[in-house]
Ligand code: ADP
Ligand code: MG
């Protein structure tokens, strides 16, 4: 397995890129540790597949380098990089049996046939493909075919890293959950360096130790699920992760006070100090989980109007307005909701200021 370093990496599909918008990937520097499970999370078109294909060697970056364990592999072909890649749609040989499909990457490398059989049996067992081993791939369901693709990716134990590009897209939601857990188990068992592309936050957060959140060709934050939740470095991380996402309210700062929705909210000293030199468009961010909902004013609370309550079974979402700003508040199911006129509190620890979308820290 390998540590992957991306050094001043950038990519444009154009011959003569001019501005930043001509780049599918904007300059990035990252180190992904050996044996780590990483997810690349972001909306369609943000550059996830481009980055994955650069790591595997299918795409040569227009700028910068890719290193495996410190060795420059930027100019190497995919087969020279010793990588397994699983794509969004099944890549299998329809006329071969399931067993031969799984064995293919091993036979290709002239592995001893007894070892091939043993490994194929293990992988088939893991993916619950054992009853299908003798069947031809052609007649199988899309789910089963994608499981074969996963198996072909997982069958070699000597790869530097295994890369997945939204591999569960075609999988039935019922077994998606189960396969996700399987992948997690496999990662733990073999200590593979795993890079997993998805646009689904649940998938990213359950599968990966660290998630790289991407938007418009940039990794805006690389962090643990907890870091992304508690301390979003960018407004995009705030609203893309979480359900509902972070509240982001327009604000102005005057002295130690934030003006939000036409009201004054005193801020913590640390926040004030950090935001002192902030320029650009300012936003105050707080996750719906951390807003306090009160029926009486308290020190530092602001009056809010409750406009709707959505009961979602084990929790509820309260919609409120704070002056002219909308606010979502997430409450445990059992917590009572005050009448229409209520008050909201913003605990200092969870109240963040963003300047031009970047966290002021
Ligand atoms: P994602 O996987 O996150 O959906 P991609 O990496 O596929 O994003 O695409 C990133 C950007 O690069 C998009 O704007 C896309 O249109 C563009 N792009 C992707 N592949 C090519 C290509 N082969 N040629 C030109 N532009 C491409
Ligand atoms: Mg893609």
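Each reported figure results from applying straightforward, stated rules to the coordinates on display, with no laboratory input. Since the model is a prediction, treat every value here as computed from it, not as a measurement. Glycine also receives a Cβ, built like all others from the backbone with ideal geometry; neighbour counts cover every protein chain displayed.
Could you tell me what % of all Cα pairs in the range 243-359 have separations over 22 Å?
Summing the P(r) tail past 22 Å for the range 243-359 gives 30 percent.
Please give the Cα centre distance for the range 228-261 versus the range 194-219, rounded to the nearest Å.
The distance from the Cα centre of the range 228-261 to that of the range 194-219 comes to 21 Å.
How far is the Cα center of the range 90-167 from the Cα center of the range 48-78, in Å?
For the range 90-167 versus the range 48-78, the Cα centre distance is 25 Å.
Angle, helix 98-107 long axis vs. longest principal axis of the chain, Cα atoms, 0 to 90°, nearest 10?
For helix 98-107, the angle is close to 80 degrees.
Test of understanding: ordering 148, 4 by Cβ neighbours within 10 Å, fewest first, what list do you get?
Details: 148 27, 4 24.
Fewest to most other Cβ atoms nearby, the residues stand as 4, 148.
For Cα pairs less than 8 Å apart in space and 6+ apart in sequence, what is the mean separation divided by the residue count of the range 243-359, i.e. the relative contact order in percent?
32
How do 158-165, 36-43, 219-226 rank on mean C-beta neighbours within 10 Å, highest first?
Listed from highest to lowest mean packing, they are 36-43, 158-165, 219-226.
How far apart, in nm, are the 7 Å Cα→Cβ label points at residue 67 and residue 30?
Distance between the two pseudo-spin positions: 1.7 nm.
Take every Cα pair under 8 Å in the chain that's 6+ residues apart, average their separations, divide by the length, and report that relative contact order as a whole percent. Don't skip to the end; give the middle numbers.
Details: 746 pairs, mean separation 57.2, N = 361.
Computed value for the chain: 16 percent relative contact order.
As I understand it, the value is the acute angle between the Cα axis of helix 142-154 and the longest principal axis of the Cα atoms of the chain; what does it come to in degrees, rounded to 10?
80
Pop out the Kirkwood hydrodynamic radius of the chain from its pairwise C-alpha distances, inverse of mean 1/r, in Å to one decimal.
Kirkwood radius, the chain: 23.0 Å.
Would you mind putting 70-80, 266-276 in packing order, based on average other-beta-carbon counts within 10 Å, highest first?
Averaged packing, sorted descending, gives the order 266-276, 70-80.
Which part of the range 134-156 falls in the paramagnetic zone of residue 174, meaning amide N under 12 Å from the point 7 Å along Cα-to-beta-carbon?
No residues fall inside that zone.
Angle check, please: helix 173-190 long axis (alpha carbons) against the longest principal axis of the chain (alpha carbons), in degrees 0 to 90, nearest 10.
70
Using per-residue counts of other Cβ atoms within 10 Å, averaged over each peptide, order 295-303, 350-358 from highest down.
Ranking, from highest mean packing down: 350-358, 295-303.
Mind sorting 65, 18 by how few other Cβ atoms lie within 10 Å of their own Cβ, fewest first?
18, 65
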